[in-house]
Amino acid sequence: MIKLTRIDDRLVHGQVAFTWTPALGVNCLLIANDKVAKDEFLKMTFGLAKPANTRLLIKSLADAAAFLNDERSRSAKVFLIVNSVKDAHAMVNQVPEIKSINFGGIRMIDGTRLISKAVAVSDDDIVLIKDLLDKGIELELRQVPTEKKQMVESLI
């Protein structure tokens, strides 16, 4: 069962490990990212950053979707983390269970603009966000669970 799907370009860090994970009561962090899935050093680094007593899975987008759609994964309480709007969009298209996405942190790079203090999006991201909204996916922005939800559609 997916407890939360989050876009955060840092993937696993303090907010994820020590604030979100206990607040959600999850026992499995799932990083869905094609690059990280092939990088042994990054996998080791994220393994060190995960909270104790929490399983960490790092899979490609396709493998993460297969895992989430497998009946055998239903007993896991999963916190799904992707690092981009593009990857979140891809996961929504492959995993019908995803009904809501939390925008946590996307740093500003060339071609993006801030929609909040911690989230920057590009024109291509806006197109994908609008498609997600058209599909009925809730898009909310919070860095930590104690913050009030801001709906992304009011920020773009």
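Per DSSP H run of n ≥ 4, the term is -39500 (n - 2.57); total these for the chain, divide by its residue number, and report the mean residue ellipticity at 222 nm rounded to 500 deg cm²/dmol. Working shown, then result.
Values: 6 runs with 49 residues, N = 156.
Counting only the DSSP helices, I get -8500 deg cm²/dmol.
Counting other Cβ atoms within 10 Å, keep those with at most 13, restrict to DSSP loop, and tell me which trypsin sites (Lys or Arg not before Pro) in region 1-60 are left.
On the way: sites: Lys3, Arg6, Arg10, Lys35, Lys38, Lys43, Arg55, Lys59; in loops: Arg10, Lys38.
Here the sparse-neighbourhood loop sites are Lys38.
Once the piece of chain linking Leu24 and Glu140 is laid out straight, how much longer is it, given 0.36 nm per residue of separation minus the C-alpha distance between them? Could you put the intermediate results ahead of the total?
Details: separation 116, 0.36 × 116 = 41.76 nm, distance 1.57 nm.
Computed gain between Leu24 and Glu140 is 40.2 nm.
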> Among Ala32, Leu42, Ala17, whose Cα sits farthest toward the positive end of the charge dipole of the chain (+1 at Cβ of Lys/Arg, -1 at Cβ of Asp/Glu, about the Cα centre)?
Replying inline: Ala17
> Points 7 angstrom from Cα along the Cβ direction at Lys38 and Arg107: gap in nanometres?
Replying inline: 2.2 nm
>> If you filter region 59-156 for GluC sites (Glu not before Pro), then keep DSSP loop positions with at most 11 other Cβ within 10 Å, what is left?
In response: Glu147
> Hey, in the GNM for the chain with a 10 angstrom Cα cutoff, which one of Lys117, Lys99, Lys130 fluctuates hardest?
Replying inline: Lys117
>> Given R₀ = 25 Å, what would the calculated FRET efficiency be for His13 paired with Lys77, taking r from the Cβ atoms and rounding to 0.05?
In response: 0.80
> So what's the chain giving for Rg/Rh, alpha carbon basis, Kirkwood Rh from the mean inverse pair distance?
Replying inline: 0.93
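Quick note: the coordinates plus some simple rules give every number you see, no bench work behind them. As the structure is a prediction and not an experimental result, all values here were calculated from the model. Methodologically, a virtual Cβ is constructed for each residue, glycine included, from the backbone with ideal geometry; neighbour enumeration extends over all protein chains shown.
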